[in-house]
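Taking it in order: structure first as structure tokens, then the write-up.
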Amino acid sequence: MAIVDVRILVEGASDVEVVSKALQGLALGSEYNITISAIIPTTNVEIAKSAAAGADLLIIATDADRVGRELAERLFSELGEMVGHIERMKLPLGHDLEHVDVELVRKELKNTLVRAGLKSLQVLPEYMELRKQLLDMKGKYDQLANDYESLYNEHEELRKKYEELHAEYIRLRNENEGLKELLEKKSRPVKIEEAWTNLFPAEPVPEERIFAIAVEKLGLAGKVVVGQGYIFAEEKELVEELMKTVYLSLAIREGLEEKDGEKTGERNSENRAETGEKSGEGPEIIEAELRPEELL
């Protein structure tokens with residue numbers, strides 16, 4: 001059982017001698033399981049606070065006169081929150097150890113200890129109820145602490161799984177966005193007729209096979225696909241470049257064909273002129289006898 005820490009406040013040094021003398025005849029440890037840890041001679045409240053703080057029982061021993069009562073009341077109100085229990089003890093008038101009845105002081109001290117004990121018994125039921133509530137609360141706290149630890153561990157596991165899933169989600173999202181972008185590029189069809197007309201509104205639309213040949217010759221296989229009247233390309237610029245290339249090729253071929261036609265006409269005219277001179281007939285007769293397929 002724990003020893004009860006008792007401290008005694010007195011008014012002056014002479015009171016310390018009186019109280020100390022009275023304590024010599026008391027077996028407080030064996031009879032009351034208490035120890036007097038300090039006898040404090042002061043009327044200063046701040047010093048009293050510092051010296052009495054934390055005591056289990058504080059006895060305020062002052063004279064029985066008016067001054068003593070007022071001091072006791074002031075100390076009682078100031079120190080009530082700093083100690084476990086406060087009890088008042090009245091000292092007999094006079095501070096001369098030779099003339100003070102020490103036995104009377106000893107009796108008053110014992111009565112003070114008894115009163116403190118009896119007052120403690122009065123609050124014992126309330127204390128036991130509070131103790132029961134405290135134990136119940138401790139049990140609930142322990143259960144909540146176990147539940148918290150369990151939930152915390154579960155939370156940590158879920159957090160780790162979430163981080164893993166989130167990282168996987170980010171990876172798949174980025175991959176999906178990349179695939180989606182690539183798919184949009186690959187699957188963005190352009191109608192040949194519309195694309196050609198937008199670029200060359202005055203020119204007839206070439207046959208689809210010409211665009212297919214151009215894709216093959218230009219090394220665009222895989223990047224550009226031609227079919228079903230559409231062109232599929234990764235980039236819109238490739239379609240325009242293909243159209244311009246085909247247009248330029250057709251224009252060059254047409255120009256070459258016109259020059260070849262002019263040269264062929266000149267040669268035919270020369271041949272007819274030579275033939276007319278040899279036969280003596282006019283060029284109109286020879287021209288009438290030639291068939292169109294012979295010009296080809």
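A few comments on the model shown:
- Residues S14 and R131, FRET efficiency given R0 of 35 Å [Cβ-Cβ distance, rounded to 0.05]: 0.25
- Three-way shape call for the stretch 2-89 based on the alpha-carbon gyration tensor, with the a/c threshold at 1.5: oblate
- Spin-label model distance (nm) - L256 vs D142, 7 Å beyond Cα toward Cβ: 10.1 nm
- Inter-centroid distance (Cα atoms) of the stretch 1-69 relative to the stretch 131-179, Å: 56 Å
- Calculated accessible area for the stretch 1-71 comes out at 46 Å² per residue, all protein chains present (probe 1.4 Å; ligands, DNA, RNA ignored).
- Solvent-accessible area per residue for the stretch 199-240 (1.4 angstrom probe, square angstrom): 66 Å²
- For M82 and Y169, a Förster radius of 51 Å and the Cβ-Cβ distance give a FRET efficiency of 0.25, rounded to the nearest 0.05.
- Close amide H contacts of T62 (hydrogens built in the peptide plane, cut-off under 5 Å, sequence separation of 5 or more or a different chain): M89, L91.
- On the beta carbon distance between E103 and A38, with R0 = 30 Å, the FRET formula returns roughly 0.80.
- Residue-span extension gain [L158 to Y247] - 0.36 nm each, minus C-alpha spacing: 25.7 nm
- Pairs over the 27 Å Cα-Cα cut-off, from the set K191/K244; K119/K140; K49/K119; K191/K259: K119/K140; K191/K259.
- Our estimate of slack between T264 and S50, defined as 0.36 nm per intervening residue step minus the Cα-Cα distance, is 64.0 nm.
- Net lengthening on full extension, K21/E194 (0.36 nm per residue, minus Cα-Cα): 50.0 nm
- Note that the stretch 167-176 has calculated 3J(HN,Hα) couplings of 5, 5, 5, 4, 5, 5, 5, 5, 5, 5 Hz, one per residue in order, obtained from phi through the Karplus relation 6.51 cos²θ - 1.76 cosθ + 1.60 (θ = phi - 60°); glycine and proline are x.
- Highest-first arrangement of 140-146, 237-243, where packing means the average Cβ count within 10 Å: 237-243, 140-146
The values are calculated or read from the model by the stated rules, or taken from the named source; none is laboratory data. The model shown is predicted, which means the values in this text are computed figures rather than measured ones. Every residue, glycine among them, receives a Cβ derived from its backbone with ideal geometry; neighbour counts consider all protein chains shown. These area figures cover heavy atoms from the full protein model, side chains too; ligands, DNA and RNA do not enter into them. Shrake-Rupley method; radii C 1.70, N 1.55, O 1.52, S 1.80 Å.
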